[in-house]
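The values are calculated or read from the model by the stated rules, or taken from the named source; none is laboratory data. Just so it is clear, the structure is predicted and the values come from calculations on it, not from any experiment. Note: ideal-geometry Cβ built from the backbone for every residue, glycine included; neighbour counts use all protein chains shown. These area figures cover heavy atoms from the full protein model, side chains too; ligands, DNA and RNA do not enter into them. Shrake-Rupley method; radii C 1.70, N 1.55, O 1.52, S 1.80 Å.
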Amino acid sequence: MTTESRLTMTLGETMFTQRAIRRFRPEPIPDAELQDILEAAIRAPNGGNTQPWHFLVIRDPDLRTKLAELYREAWWAKRRDQGIMGPQDIPPGKNTMRSAMRLADQIGQAPVMVLLCATSQGPAAAASIIPAAQNLLLAARAFGVGGTITTLHADVDDRVHELLGIPAEAQVVYCLPLGYPRGTFGSVQRKALSEVCSYERWGSS
């Protein structure tokens, strides 16, 4: 069987039940499923079919622990940029931020972490990573695997490159933890389409 034939969940179900997963069960993702998820990622459209990407898959527990420490430092560095110095500064009702804070503490527990890297510097190469990330997450959902898009911070970039042997010319665009969710997939709350979509001119329905 091919990767394509194993992705049997309908596109509608995959897209409408996909959500950001930030809590993971410890069991590993089978190698065959992980391979299929990555095969789907490299089918994504990209600028000029240059395929300016490299997917760095981290499964080794010691490496995940070290990367997780850097991720947590990066998460709080981004919060400091926003004037948030600790949990006490997160405003009430910011549940998504608190969920992201919990992920920063627990990301190393995800059985797989994938760094989506552009093989050259600059926004053009990084832009081609975006469709690949979505393909990856959609394929993961079809196998019952969850994840979420996260980013790092300049404060840890050099150390991440050194830890994982990433060439200097490559840029880490996204860090995706992957695993079977502690919780469920399902529908998500979104603004009505009429609030976020216009036709012909901004604000016209």
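Values as computed for the structure displayed
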read-out: Dipole axis of the range 151-205 (+1 Lys, Arg; -1 Asp, Glu on Cβ), positive-most option in LEU193, HIS153, GLY179; value: LEU193
read-out: Cα centre as origin, Lys/Arg/Asp/Glu Cβ charges: the chain dipole, Debye; value: 820 debye
read-out: Whichever lysines have a C-alpha closer than 23 Å to that of LYS66, once near sequence neighbours (fewer than 8 apart) are set aside; value: LYS78
read-out: From the coordinates shown, semi-axes √(5λ) of the Cα gyration tensor in Å corresponds to which of (i) 25, 24, 20; (ii) 34, 16, 15; (iii) 25, 19, 18; value: (i)
read-out: Sulfur and carbon atoms: percent of accessible area, the chain [1.4 Å]; value: 52 percent
read-out: Accessible surface of HIS54 - all protein chains present, 1.4 Å probe, nearest 10 Å²; value: 110 Å²
